Amino acid sequence: MTTTHLSLTGMSCAACARRIEQTLQRVTGVATTTVNFALEQATVEYDPQVVDTKGLQAAIAAAGYGAEPLPEFGAETIDTSGIDLAEHQALKRKLWVGGIISSILVFGSLPMMLGIHIAWIPHWLHHPWLQLVLTTPVMLWCGQSFFVRATKAFRHRTADMNTLVALGTGAAYVYSLFVTLFPRALGSPELAESVYYETAAVIITLILLGNLLESRAKGQTTEALRKLMGLQAKTARVLRQGQEIDIPMAQVQVSDQVRVRPGEKIPVDGQVVTGHSTVDESMVTGESVPVGKQPGDTVIGATLNKTGSFVFEVTHVGSETVLAQIVKLVQDAQTSKAPIQKLADQVTAWFVPVVLVIAVLTFGVWFSVLGQVSLALVTMVSVLIIACPCALGLATPTSIMVGTGKGAEHGILVKGADSLELAHRLQVMILDKTGTLTQGRPTVTNYATIRGTAHEHQVLALAAAVERQSEHPLAEAVVQYAQTQGVARSLPEVEDFEALVGQGVQGWVGTQQVQIGTQRWMQSLGLETAPLITQAKTWEAAAQTTAWIAIDGKVEGLFGIADALKPSSAEAVQKLQRMGLAVVMLTGDNHATANAIAESVGIAHVVAEVRPEEKVALVRQIQAQGLSGLSPYPLNKRPKNWIVAMVGDGINDAPALAQADVGIAIGTGTDVAIAASDLTLISGDLLGLVTAIQLSRATLKNIRQNLFFAFIYNVICIPIAAGVLFPIYGWLLNPIWAGAAMAFSSVSVVTNALRLRKFQGQY
């Protein structure tokens, strides 16, 4: 399957988005599709063997809309403005023309609208023929898009916001034109004077104003994403044929060597070859403290070099860079749909047809009751104009766009809107120990052998030789310790190396079998651990992990390995608990070490000596049964279904991350863990967990507010427009005010969503 993003044109409301979505879903070869009305983008997953991008574009075109593939991040043509400038300028010109003409029409119509004589307003300004001449350009040019799109919708046997606007303004214009051409046809001189040209012109102008404001506001919702895109450097100083030359980013290739001077932006990802410096990576990771760089260290494109000068070798370019992956994740999250949007989608599907029925019934009821065409027309036009499916369509995606953008600014990458929504309901937070609560860089702090110091170097050499074959952090600690002891310079060769998940490693060095692993594994092999058990318990009580060494079926030594806690771990755990979450620590380490670490950060629920497959089982158990198997029990009322998050950084955490309701990967961990997760903390700071949950809660609160505004607006305004207050107060809603209300309803929803840009996270 292949996923592509398409930029859409011609959409005017949520009904359009739903129509495109349904059209794409009917295309053979399309697996899933999501259309985001606020972004005017479609995300389509399809089988390239069955259909291609041109086929998708053709299907969208057949539905009456336009589509173009979005360029990949890194392309020189990519647009980060968030606004179609040509369309924006055309809209402004139409608004100016419509505004000037509408002002003249309203000024001339004031005596009729207010029901009083105003001597200083010439009567000829309200002459039907003059108003016809002034209104026609507004209808045919300023409002052209509404009628063209409404016609397209009619041809496809559908209806949308353009249908409502075209019918409402068209009815007012056609009725007025009929009265102007045939003033005696209605049999009343008063009715001949009752034309609604100004109503049609002002409504179109107000809706154009609303579209302009909405366009600007929607552009602001993607501000965070545009900032990310804007971080990319424009050029790179590449060393080629002994010379330094500045070339565009599109020409940079993998294996190129690039020089970066103090104060310059690092153009792409790479590995330092020569030189030393400190780099500000806050724009990507959210971590404000500059990071020291020396030969062998990796650098991230778009980060800022602070002090020294260095040369690095390019390892990733274009869409493969860290920044490009972040941008892609943010784009995917912004185009995805949150479950809470389902209700709005269901309402939108029936919204326009129901409004059309209400409008026809309104006209029929008032005409049959009072026999007045003008009054019935006013109420029908008001109903058509005031109804706003746009507000419903914008309520959820605008909040998601701003929320995911703010997450990226705080170093939190959200894979999908569903995980952002679910995060606010979390009840249990399961934290892996190594690399999550701790630095993930263990070091050997103690070492002992059964036969004393005479055999320490010999046993250490054998252990380091075997551990050198492993990629486990504990193995790296042993090898580094051997290097500091001067043992690792000439390590023997190892044969038949084997890593046993959750137990240890083993291999043959010459004729000797070397096994290094947990005490439980040693005991399962039937080996005697008693001579070093007291030492092991002492080290474990001091939060050190013990690794046992066996040679030829006999325990010979013991390592004490410590992994320092991250500075923010204890504070993050306390804040999570204050937010009402039960925190559980999960580790493959032994009970004594696990309990010592848990006690130092304030975690009461500890599960130790857990294998990777057991981590998945534990997540499932907590999801089904809660913490009933753990004590003390934290919550007064046990829910039926527990919402569980798993936080980890290693390959062995990936299955558990995928099983959890919300999988959260530490960005400093492995690609596999990140791929299996729903949220990623780029910097690895656990306080990001607190921010992520706070952001989820703020975003969901904002979405609920938007949906409430959108629903309540239509529920209240449509009946008022239909004239329910007329029998009581003798008052009808002027269609002009209906147009103003409709134009600004969408703007109010987007403006409310923009309040999320002020989110900071309460550390």
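The values are calculated or read from the model by the stated rules, or taken from the named source; none is laboratory data. In this text, all values refer to a predicted model and were calculated from it rather than measured experimentally. Cβ placement follows ideal geometry from the backbone for every residue including glycine, while neighbour counts extend to all protein chains displayed. Quick note on the areas: whole protein, heavy atoms, side chains included, nothing else; ligands and nucleic acids left out. Shrake-Rupley method; radii C 1.70, N 1.55, O 1.52, S 1.80 Å.
Quick notes on this structure:
- Matching residues, region 151-169, being modelled with pLDDT of 75 or more, part of a helix (DSSP H, G or I) and either in contact with a strand residue (DSSP E or B) (Cβ under 6 Å, 6 or more places away or on another chain) or of a type outside the set (G, A, S) (or both): T151, K152, F154, R155, N162, T163, L164, V165, L167, T169
- Residues being at pLDDT 85 or above and within 27 Å of the chain's Cα centre (by Cα) are represented in region 247-265 by at least one member.
- Filtered by the rule that a residue be under 18 Å from A417 (Cβ atoms) and either assigned to a loop (DSSP other than H, G, I, E, B) or not aliphatic (A, V, I, L, M) (or both), region 31-48 gives T32, T33, T34, N36, F37, A38, L39, E40, Q41, T43, E45.
- The residues of region 191-240 that are modelled with pLDDT of 80 or more, outside any helix (DSSP H, G or I) and over 33 Å from the mean Cα position of the chain (by Cα), listed by number, are R237, V238, L239, R240.
- Candidates Q535, Q574, Q515, Q506 - the one that is touching a residue at least 12 places away in the same chain (Cβ under 8 Å) and within 18 Å of T436 (Cβ to Cβ): Q574
- All positions within region 265-279 that are without any contact (Cβ under 8 Å) to a residue 40 or more places away in the chain and not in a strand (DSSP E or B): P267, H276
- Going through (1) hydroxyl-bearing (S, T, Y); (2) open to solvent by 80 Å² or more (accessible area, probe 1.4 Å); (3) within 44 Å of the chain's Cα centre (by Cα) one by one, T518 falls short only on (2).
- In region 666-689, the residue that is modelled with the lowest pLDDT out of those that are under 18 Å from R441 (Cβ atoms) and open to solvent by less than 10 Å² (accessible area, probe 1.4 Å) is A673.
- Residues being over 22 Å from L392 (Cα atoms) and in contact with a Leu (Cβ under 7 Å, 6 or more places away or on another chain) - total across region 7-45: 3
- Residue among P473, P442 that is open to solvent by 20 Å² or more (accessible area, probe 1.4 Å), in contact (Cβ under 8 Å) with a residue 12 or more places away in the chain and within 40 Å of the chain's Cα centre (by Cα): P473
- Restricting P339, P353 to residues that are in contact (Cβ under 8 Å) with a residue 60 or more places away in the chain, open to solvent by 10 Å² or more (accessible area, probe 1.4 Å) and in contact with an Asp or Glu (Cβ under 7 Å, 6 or more places away or on another chain) narrows the list to P339.
- If the condition is being among the small types (G, A, S), open to solvent by less than 20 Å² (accessible area, probe 1.4 Å) and within 23 Å of the chain's Cα centre (by Cα), then region 287-319 contributes G301, A302.
- Qualifying residue in region 483-493 (condition: at pLDDT 90 or above, open to solvent by less than 40 Å² (accessible area, probe 1.4 Å) and either within 49 Å of the chain's Cα centre (by Cα) or at positive phi (or both)): no
- When residues in region 320-334 are screened for being open to solvent by 30 Å² or more (accessible area, probe 1.4 Å) and either modelled with pLDDT under 75 or under 16 Å from the mean Cα position of the chain (by Cα) (or both), 5 of them pass.
- Look at region 684-702: where a residue is under 22 Å from V291 (Cβ atoms) and a partner is modelled with pLDDT of 90 or more and open to solvent by 10 Å² or more (accessible area, probe 1.4 Å), sitting 6+ places away or on another chain with Cβ atoms under 8 Å, you get L687/E571; L687/K575.
- Restricting attention to region 723-741, the residues being in contact with a Cys (Cβ under 8 Å, 6 or more places away or on another chain) and open to solvent by less than 10 Å² (accessible area, probe 1.4 Å) number 1.
- Which numbered condition H455 misses (of (1) out of contact with any strand residue (DSSP E or B) (no Cβ under 7 Å at 6 or more places or on another chain); (2) surrounded by fewer than 22 Cβ atoms within 10 Å (Cβ to Cβ)): (1)
- Looking across region 73-109 at every residue that is part of a helix (DSSP H, G or I), at pLDDT below 75 and among the aliphatic types (A, V, I, L, M), the one that is farthest from A324 (Cα to Cα) is identified as A86.
- Scanning region 49-72 for residues that are in a helix (DSSP H, G or I) and free of Cβ contacts under 8 Å to residues at least 24 places away in the same chain, we see that the one that is farthest from T2 (Cα to Cα) is A61.
- Residue in region 13-30 that is open to solvent by less than 40 Å² (accessible area, probe 1.4 Å), outside any helix (DSSP H, G or I) and in contact with a Lys or Arg (Cβ under 9 Å, 6 or more places away or on another chain) present: no
- Residue selected from region 384-430 under the condition more than 29 Å from A604 (Cβ to Cβ) and either free of Cβ contacts under 8 Å to residues at least 24 places away in the same chain or not in a helix (DSSP H, G or I) (or both), by the criterion most open to solvent (accessible area, probe 1.4 Å): K415
- Count - residues of region 458-470 that are open to solvent by 10 Å² or more (accessible area, probe 1.4 Å) and in contact with a strand residue (DSSP E or B) (Cβ under 8 Å, 6 or more places away or on another chain): 4
- Candidate set from region 36-48 (those that are among the aliphatic types (A, V, I, L, M) and in contact (Cβ under 8 Å) with a residue 60 or more places away in the chain); member that is most open to solvent (accessible area, probe 1.4 Å): L39
- Annotation: of all residues in region 549-571 being over 30 Å from S683 (Cβ atoms) and free of Cβ contacts under 8 Å to residues at least 40 places away in the same chain, the one that is farthest from the chain's Cα centre (by Cα) is K554.
- Residue within region 523-531 that is modelled with pLDDT of 90 or more and either closer than 17 Å to L460 by Cα or crowded, with 20+ Cβ neighbours inside 10 Å (or both) present: no
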